[in-house]
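> Mind looking over this structure? Questions follow.
The values are calculated or read from the model by the stated rules, or taken from the named source; none is laboratory data. This is a predicted model, so every value here is computed, not measured. In this analysis, Cβ positions are derived from the backbone assuming ideal geometry, glycine residues included, and neighbour counts consider all displayed protein chains. Only protein heavy atoms, including side chains, enter the accessible area calculation; ligands, DNA and RNA are left aside. Shrake-Rupley method; radii C 1.70, N 1.55, O 1.52, S 1.80 Å.
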Amino acid sequence: MKRAFPIALAVLVTATSALAQSARELNLELRERETVAKKENDPDKLCDVAEWASEKGLAADAKRIFKNALRLDPDHERANIGLGNARWDGKWIPKRKADELRKKAEIAEFKAKGYVEIDDVWVPPDEVEDAKRGVFHHGNDLVTKQELLALRDGKVRHPDTGLLIDGDKLDVAEQKYYPIGNEGRW
């Protein structure tokens, strides 16, 4: 046991210095890539470097480079998305703000149609009583809230079992295949 500790310590010290060295090399490579992209004055090239930096765990550098790409083209989609922005009403704004505005617009639209929110689901006025009991309408079917949300998110019913499956698996299900377990196997 006593011999294992010095060996483990030596391995740890060696690994730490190797990591520090690779971090220096990583930063050097980042600077080289960034310099080349800046010389080309191309926001796409800068985004390539920013995405590379992000993949390598250099989030602060990636953010800085995405901002440089936006200086060249404020409407650049990849740079805006890289910074966490989303398009709203023709402008790029922080995604959180865009989500809030979309939610408000959705609420206003549903209210204008006379819909009522029941258990976080908007339903037409004639379906309110059913929804209050936990029964929701989807086409001609009566479903639970969970089923309704899954169907709205693209799930479909298996033609034989009626179980909810991913919409892109419907062609497989129609060939008389069935899902096995929860691992997505058929």
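> Filter segment 124-141 for residues that are charged (D, E, K, R) and without any contact (Cβ under 8 Å) to a residue 12 or more places away in the chain; which is nearest to residue 152 (Cα to Cα)? Explain how you work it out, then say what you get.
Taking segment 124-141 as the starting set, the residues that turn out to be charged (D, E, K, R) are 126-127, 129-130, 132-133, 141.
Okay, now just the ones that are also without any contact (Cβ under 8 Å) to a residue 12 or more places away in the chain, so 126-127, 129, 133, 141.
Values: 126: 20, 127: 17, 129: 21, 133: 20, 141: 13 Å.
Of everything passing the filter in segment 124-141, 141 is nearest to residue 152 (Cα to Cα).
> Give the residue that is farthest from residue 139 (Cα to Cα), with candidates limited to residues of segment 103-118 that are under 22 Å from the mean Cα position of the chain (by Cα) and either surrounded by 13 or more Cβ atoms within 10 Å (Cβ to Cβ) or not small (Gly, Ala, Ser) (or both). Let's see the steps before the verdict.
The first filter runs over segment 103-118 and keeps only residues under 22 Å from the mean Cα position of the chain (by Cα), leaving 103-106.
Now drop any that are not either surrounded by 13 or more Cβ atoms within 10 Å (Cβ to Cβ) or not small (Gly, Ala, Ser) (or both), which leaves 103-104, 106.
On the way: 103: 24, 104: 26, 106: 21 Å.
Among them, the one singled out is 104.
> If you go through segment 169-186, how many residues are assigned to a loop (DSSP other than H, G, I, E, B) and among the charged types (D, E, K, R)?
Narrowing segment 169-186 to residues assigned to a loop (DSSP other than H, G, I, E, B): 175-179, 181-184, 186.
Those still in the list that are among the charged types (D, E, K, R) too: 176, 183.
Total satisfying the criteria: 2.
> Is segment 133-148 home to any residue that is in a helix (DSSP H, G or I) and either in contact with a helix residue (DSSP H, G or I) (Cβ under 8 Å, 6 or more places away or on another chain) or over 25 Å from residue 162 (Cα atoms) (or both)? Explain how you work it out, then say what you get.
Of all residues in segment 133-148, those in a helix (DSSP H, G or I) come to 145-148.
The next check asks that each one be either in contact with a helix residue (DSSP H, G or I) (Cβ under 8 Å, 6 or more places away or on another chain) or over 25 Å from residue 162 (Cα atoms) (or both); those that pass are none.
Checked segment 133-148: no residue is in a helix (DSSP H, G or I) and either in contact with a helix residue (DSSP H, G or I) (Cβ under 8 Å, 6 or more places away or on another chain) or over 25 Å from residue 162 (Cα atoms) (or both).
> Could you tell me whether any residue of segment 72-79 is assigned to a helix (DSSP H, G or I), open to solvent by less than 50 Å² (accessible area, probe 1.4 Å) and modelled with pLDDT of 95 or more? So that I can check it myself, show each step before the final result.
Within segment 72-79, the first condition is being assigned to a helix (DSSP H, G or I), and the residues that meet it are 72, 77-79.
Subsequent filtering for residues that are open to solvent by less than 50 Å² (accessible area, probe 1.4 Å) retains 79.
If we keep only those that are modelled with pLDDT of 95 or more too, we end up with 79.
The answer is yes, given that some residue of segment 72-79 is assigned to a helix (DSSP H, G or I), open to solvent by less than 50 Å² (accessible area, probe 1.4 Å) and modelled with pLDDT of 95 or more.
> Being open to solvent by 80 Å² or more (accessible area, probe 1.4 Å) and touching a Pro at 6+ places or on another chain (Cβ under 8 Å), is that true of even one residue in segment 93-102?
no
> Could you tell me whether any residue of segment 156-168 is of a type outside the set (Gly, Ala, Ser), surrounded by 13 or more Cβ atoms within 10 Å (Cβ to Cβ) and part of a helix (DSSP H, G or I)?
Here is the first cut: in segment 156-168, the ones of a type outside the set (Gly, Ala, Ser) are 156-161, 163-166, 168.
Imposing the further condition that a residue be surrounded by 13 or more Cβ atoms within 10 Å (Cβ to Cβ) reduces the set to 156-158, 164-166.
Now narrow it down to the ones that are part of a helix (DSSP H, G or I): none.
No, because not a single residue in segment 156-168 is of a type outside the set (Gly, Ala, Ser), surrounded by 13 or more Cβ atoms within 10 Å (Cβ to Cβ) and part of a helix (DSSP H, G or I).
> If residue 121 satisfies every condition in (1) touching a residue at least 24 places away in the same chain (Cβ under 8 Å); (2) open to solvent by 60 Å² or more (accessible area, probe 1.4 Å); (3) on the phi < 0 side of the Ramachandran plot but one, which is the exception?
(2)
To keep it simple, each residue is scored yes or no on (1) open to solvent by less than 80 Å² (accessible area, probe 1.4 Å); (2) at pLDDT below 95; (3) on the phi > 0 side of the Ramachandran plot.
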site	(1), (2), (3)
15	yes, yes, no
27	yes, yes, no
41	no, yes, yes
50	yes, no, no
54	yes, no, no
61	yes, no, no
65	yes, no, no
69	yes, no, no
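> Considering segment 42-96 alone, what residues qualify as being in contact with a Gly (Cβ under 7 Å, 6 or more places away or on another chain) and either polar (S, T, N, Q) or more than 24 Å from residue 31 (Cβ to Cβ) (or both)?
Within segment 42-96, 94, 95 qualify.
For every residue, the table says whether it meets (1) among the small types (Gly, Ala, Ser); (2) farther than 28 Å from residue 90 by Cβ.
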site: 38; (1), (2): no, yes
site: 43; (1), (2): no, no
site: 46; (1), (2): no, no
site: 50; (1), (2): yes, no
site: 58; (1), (2): no, yes
site: 68; (1), (2): no, no
site: 77; (1), (2): no, no
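> Are any residues in segment 80-92 open to solvent by less than 90 Å² (accessible area, probe 1.4 Å) and in a helix (DSSP H, G or I), and if so, which ones? Give the derivation first.
Quick first cut of segment 80-92, residues open to solvent by less than 90 Å² (accessible area, probe 1.4 Å) only: 80, 82-86, 88, 90, 92.
Within segment 80-92, 80, 82 meet the criteria.
> Would you mind stating whether residue 60 is out of contact with any helix residue (DSSP H, G or I) (no Cβ under 8 Å at 6 or more places or on another chain) and either free of Cβ contacts under 8 Å to residues at least 12 places away in the same chain or in a helix (DSSP H, G or I) (or both)?
When the stated conditions are applied, residue 60 passes them.
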